[in-house]
Amino acid sequence: MIAFLVKRVGNAILVMLTVAFFAFLIFRFLGDPVEMMVNESATQVERDELRSRLGLNDGFLVQYLRFVTNAAQGQFGLSWRNQQNVITLIGERFPATFELVIIATILSLAIGIPLGVFTAIGRGRWWAEGLQFSSIVGVSLPSFFVGIILILAFSVSLGWLPGYGRGEVVQLGWWSTGLLTPSGRAAIVLPALSLSLFQITLVMRLVRAEMLEILRADFIKFARARGVKRRALWFRHALKNCLMPVVTLTAMQVGNLIAFALVTETVFQWPGMGMLFMQAVTFVDIPVMAAYLCIVSFIFVTLNTFVDIAYAVIDPRLRAA
Amino acid sequence: MHLSRILVGGVALLALAMPATAGTLKWGASRDISSLDPYSYGDSFALGVLNHAYEGLVRYDRNLKIEPALATSWEIVSPTTWRFKLREGVKFHNGADFTAEDVQASLKRASDPKSPLRGNIPAYKGSRVIDAHTIEIDVSAHYPLLPNDLTTIYIFDAGWLKDNNAEAPTDVGSGSEGYATYNENGTGPFKVESRQPDAKTVFTKFDGWWDKTEHNIDRIELTPIASPATRVAALLAGDIDFTDQAPVQDLPRLAASPEVKVLEGTDLRTVMIGFSQRDQLLSGAANPMKDLRVRQAMQLAIDLDLINKKVMRGKSRNAGALVAPQIPGYDAALDTPVKADPEKAKALLKEAGAEGFEFEFNCADSLVNEEQICQAVASMWSRVGLKPKLDQGTRAVQTPKRSAGKVDVYTLGWATLPMLDTYSLTSQVLHTKEGSFGIFNWGGWSDKEFDKVTEASAVELDQTKRLAMEAQSLKIAKEHALMIPLHQQPLAWATTAKIKDFPLFSDNLPRLWLVKM
């Protein structure tokens with residue numbers, strides 16, 4: 001087991017190093033950060049001076065190695081645009097993204113699972129097939145479009161919910177939460193819905209497929225023969241048996257949601273990590289981009305590693321692998 | 001009974017709550033300021049926002065003319081020395097008194113080799129405190145534009161800088177953060193109450209402001225909303241009261257809403273096209289654009305009316321001169337837009353033997369509808385038989401090519417900010433590239449006569465003579481068809497109907513201390 005763990009952690013570090021390597025390879029094509037940093041009237045000498053002070057004259061391998069050495073010591077440097085510590089900057093934004101992702105996940109489960117069950121038990125009926133069909137829309141609509149439609153409907157026309165920002169936040173230590181104030185709770189609804197739409201369809205389709213299989217199983221037939229009520233049969237006995245893959249999928253998707261939140265955050269001006277990254281790209285703020293990519297890959301890798309470990313605990317055959 | 005009591009109570013509560021929210025102006029900008037430190041990032045927008053909390057010795061008035069702010073008067077005591085009388089009784093937000101020491105410490109901080117703002121005061125050499133409210137500033141030569149430069153050099157409290165170890169500007173290369181990035185202590189009409197980067201920066205009214213208060217705003221909430229569609233939606237829904245970036249394509253819709261007022265004008269920024277004057281094009285072929293006739297032909301090929309109508313939706317102002325009418329040095333005689341004449345263009349190209357030559361057209365993304373402008377211009381050139389190759393990219397990608405001179409034809413937008421004088425254009429865009437001159441002379445044009453007139457205008461202290469010299473520079477540029485002016489960009493702000501008086505500024509910087517709600 002320990003050997004397995006060491007191997008997984010080793011893999012995780014390798015993945016992060018690779019991500020950072022490719023990131024630095026790409027950064028050179030984003031343009032010249034110095035042009036974005038200096039004043040219009042700065043002279044060429046001033047520009048060159050700043051460039052050498054930031055170490056931009058070095059080759060990308062040297063820059064990459066310097067980044068890795070510093071990052072290993074927990075030094076990610078200062079954002080070139082905000083002049084703030086990169087880790088503080090990302091730390092400030094993380095709660096916003098995390099809350100958005102968690103609420104979106106809860107929404108996707110709370111809406112996706114019942115819909116999945118209904119479409120499974122109503123198979124062949126017009127309403128179930130209609131739901132099934134309209135779920136294609138959920139998969140195929142781009143999320144920035146969904147976001148804008150939601151804003152138009154609920155914020156501009158109906159005026160029920162705010163269309164941007166995070167509302168009032170409460171500071172709990174370093175964690176800022178919007179979930180404790182009415183305006184914060186209202187503000188999270190639209191972005192979370194927009195982010196979860198894809199996930200809802202995913203969960204719904206998965207639950208439907210699993211349910212259809214399980215409803216054919218012998219124990220269901222026996223239970224029905226024994227006279228178990230239909231509702232109990234569907235929601236207690238059958239549903240329980242198809243939740244395992246849903247849980248796995250949800251855990252794996254959290255990483256995806258954090259990455260996809262980037263688009264939703266831009267549309268809703270949600271002050272999260274994705275928003276920060278988008279701005280960093282525009283301004284060629286290399287320290288922020290590098291740290292963000294490392295952190296997101298770290299989250300991905302950690303989630304995957306946990307899932308792997310959980311599987312290994314359940315299935316001893318995988319431990320040798 | 002109970003219900004009615006609750007209702008009455010609710011209404012009473014509402015009534016109590018109302019005055020607290022009245023006087024709050026919610027500003028939805030297209031981006032956030034990067035820091036509270038005005039000496040952190042050479043960016044006109046951030047300087048404009050921070051001008052609500054910090055002030056310079058002088059400022060621009062409603063007509064963009066220089067007026068006294070923290071200084072009350074100034075005189076030139078020797079060719080290279082200016083003496084400024086400072087305003088008495090001015091307090092910083094922390095209660096400290098404003099004195100000459102503060103000006104000296106601020107100038108030192110702004111001109112520090114690591115300060116990104118150093119380029120804003122190119123002529124500054126040093127300063128001397130004469131008494132508590134008099135300071136002398138040394139400049140490198142005769143330099144009539146010192147007050148213009150000082151509009152963006154905001155004054156810090158010397159004691160505050162010292163106590164918080166912020167006497168030097170923050171150096172991102174060093175890896176340590178600066179106190180002024182997070183904290184504010186200026187003399188301006190508003191003070192910073194709180195700031196959440198990318199979410200909200202709150203300014204509240206400063207009661208001890210030295211100037212007569214014309215505004216009736218108690219609180220400003222600055223929220224960046226990057227997505228234009230979201231910004232428009234927020235304005236229509238009444239979630240914000242004002243935006244300084246109303247998208248051109250949404251203006252008709254905004255204007256149609258009874259809840260929204262649109263303020264339109266033209267920006268100071270003049271959009272133009274420049275040419276390489278090097279011997280060879282990027283392709284290695286000889287450069288036909290060294291021939292005046294070719295440049296003229298390229299200008300005649302461009303239909304400004306069509307660009308105005310189709311690309312800018314009638315919101316831009318066709319230009320004949322390289323600076324906007326508001327800029328000192330502007331000469332109306334030079335400002336006749338060139339009428340398109342493709343036949344004559346073809347004839348000129350034939351005469352110069354430059355028919356159908358190929359060149360790269362370098363385009364960025366920072367001007368209003370820049371992509372579409374470039375596509376339109378490129379197709380107009382194709383119509384007269386030229387073969388432009390469009391090279392489109394972000395500003396960060398294109399600027400290095402441009403400053404390295406790796407361009408044939410390029411776009412440029414020049415607003416003369418923060419100087420607001422023709423000298424900004426003539427010295428930085430058109431003067432021969434040498435020393436601090438001609439940094440934006442990407443085409444590599446050089447003309448002794450032009451340089452002489454421009455340099456002379458820099459040291460001429462007589463305003464009338466100086467402006468005549470600047471007009472002369474612009475005339476030379478026009479005669480040589482050095483750059484093709486296209487238009488002044490549209491400028492559109494929008495507010496909700498509840499805001500009564502909101503002055504529009506063509507430098508695109510809102511000055512909320514002049515706003516009445």
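The values are calculated or read from the model by the stated rules, or taken from the named source; none is laboratory data. Values in this document were obtained by computation on a predicted structure and should not be read as measured data. With ideal geometry, Cβ positions are generated from the backbone for all residues, glycine too; neighbour counts draw on all protein chains shown. Note: areas computed on protein heavy atoms with side chains; ligands, DNA, RNA excluded. Shrake-Rupley method; radii C 1.70, N 1.55, O 1.52, S 1.80 Å.
Among the residues of region A:254-283, the ones that are open to solvent by 10 Å² or more (accessible area, probe 1.4 Å), assigned to a loop (DSSP other than H, G, I, E, B) and of a type in the set (Phe, Trp, Tyr) come to 1 in all.
Per the listing A:Val15, A:Val45, the residue uniquely under 20 Å from B:Tyr39 (Cα atoms) and either within 11 Å of chain B (Cβ to nearest Cβ) or not aromatic (Phe, Trp, Tyr) (or both) is A:Val45.
Taken as a whole, region A:55-70 holds no residue that is within 7 Å of another protein chain (Cβ to nearest Cβ) and either part of a loop (DSSP other than H, G, I, E, B) or of a type in the set (S, T, N, Q) (or both). Scan region B:330-362 for residues that are surrounded by 16 or more Cβ atoms within 10 Å (Cβ to Cβ), assigned to a helix (DSSP H, G or I) and not charged (D, E, K, R) and the total you get is 6.
Sort through A:Leu233, A:Leu190, A:Leu180 and tell me the only one that's among the aliphatic types (A, V, I, L, M) and open to solvent by 30 Å² or more (accessible area, probe 1.4 Å). Exactly one residue qualifies, and that residue is A:Leu180. Answer yes or no as to whether B:Gly413 is under 23 Å from B:Val294 (Cα atoms), within 14 Å of another protein chain (Cβ to nearest Cβ), touching a Leu at 6+ places or on another chain (Cβ under 8 Å) and open to solvent by 10 Å² or more (accessible area, probe 1.4 Å). So B:Gly413 fits the description; yes. Of all residue pairs spaced 6 or more apart or on separate chains, none has beta-carbon atoms under 9 Å together with a first member in region B:168-188 that is within 8 Å of chain A (Cβ to nearest Cβ) and at positive phi and a second member that is among the aromatic types (Phe, Trp, Tyr) and surrounded by fewer than 21 Cβ atoms within 10 Å (Cβ to Cβ). Flag set for B:Asp171, criterion: surrounded by fewer than 22 Cβ atoms within 10 Å (Cβ to Cβ) and either touching a helix residue (DSSP H, G or I) at 6+ places or on another chain (Cβ under 7 Å) or among the charged types (D, E, K, R) (or both). Among the residues of region B:430-447, is there at least one that is in contact with a strand residue (DSSP E or B) (Cβ under 7 Å, 6 or more places away or on another chain) and β-branched (Val, Ile, Thr)? Within region B:430-447, none of the residues are in contact with a strand residue (DSSP E or B) (Cβ under 7 Å, 6 or more places away or on another chain) and β-branched (Val, Ile, Thr).
Just to be sure, is B:Arg62 in contact (Cβ under 8 Å) with a residue 60 or more places away in the chain, part of a loop (DSSP other than H, G, I, E, B) and within 17 Å of B:Ser506 (Cβ to Cβ)? Yes. Report the residue count in region B:304-326 for those that are assigned to a helix (DSSP H, G or I) and under 23 Å from the mean Cα position of the chain (by Cα). Residues in region B:304-326 being assigned to a helix (DSSP H, G or I) and under 23 Å from the mean Cα position of the chain (by Cα): 2 in total.
Only one entry in B:His93, B:His52 is at pLDDT 95 or above and under 16 Å from B:Ala158 (Cβ atoms), namely B:His93. Considering B:Lys516, B:Lys475, the condition of being open to solvent by 20 Å² or more (accessible area, probe 1.4 Å), more than 23 Å from B:Asn441 (Cα to Cα) and of a type in the set (Lys, Arg) is satisfied by B:Lys516 alone. Cβ-Cβ distances below 9 Å connect the following pairs, each with a first residue in region B:389-405 that is within 18 Å of B:Arg278 (Cα to Cα) and open to solvent by less than 30 Å² (accessible area, probe 1.4 Å), a second residue that is in a loop (DSSP other than H, G, I, E, B) and of a type in the set (Val, Ile, Thr), and a separation of six or more residues or different chains: B:Ser403/B:Ile439. Of everything in region B:240-261 that is open to solvent by 40 Å² or more (accessible area, probe 1.4 Å) and touching a residue at least 24 places away in the same chain (Cβ under 8 Å), the residue that is nearest to B:Asp507 (Cα to Cα) is B:Gln245.
Selection of first residues in region B:474-502 that are under 20 Å from B:Asp305 (Cβ atoms) and of second residues that are of a type in the set (Lys, Arg) and open to solvent by 20 Å² or more (accessible area, probe 1.4 Å), restricted to Cβ pairs under 7 Å at least 6 apart or on distinct chains, gives the following pairs, ordered by first then second residue: B:His487/B:Arg317; B:Gln488/B:Arg269; B:Gln488/B:Arg317; B:Gln489/B:Arg269; B:Pro490/B:Lys315. A residue that is open to solvent by less than 20 Å² (accessible area, probe 1.4 Å), at negative phi and assigned to a helix (DSSP H, G or I) can be found somewhere in region A:77-88.
Looking only at residues in region A:112-143 that are among the β-branched types (Val, Ile, Thr) and open to solvent by 60 Å² or more (accessible area, probe 1.4 Å), the one that is farthest from A:Leu262 (Cα to Cα) is A:Ile136.
Residues of region B:197-231 being among the polar types (S, T, N, Q), surrounded by fewer than 17 Cβ atoms within 10 Å (Cβ to Cβ) and in contact with a helix residue (DSSP H, G or I) (Cβ under 9 Å, 6 or more places away or on another chain), which ones? Answer for region B:197-231, where residues must be among the polar types (S, T, N, Q), surrounded by fewer than 17 Cβ atoms within 10 Å (Cβ to Cβ) and in contact with a helix residue (DSSP H, G or I) (Cβ under 9 Å, 6 or more places away or on another chain): just B:Thr213.
One residue alone among A:Leu161, A:Leu179, A:Leu202 is in the same structural domain as A:Phe118 (by TED's automatic domain parsing) and assigned to a helix (DSSP H, G or I), and that residue is A:Leu202.
Report yes if A:Val288 is aliphatic (A, V, I, L, M), buried (at least 20 other Cβ atoms within 10 Å of the Cβ) and at pLDDT below 85, otherwise no. Taking the combined requirement at face value, the residue does not satisfy it.
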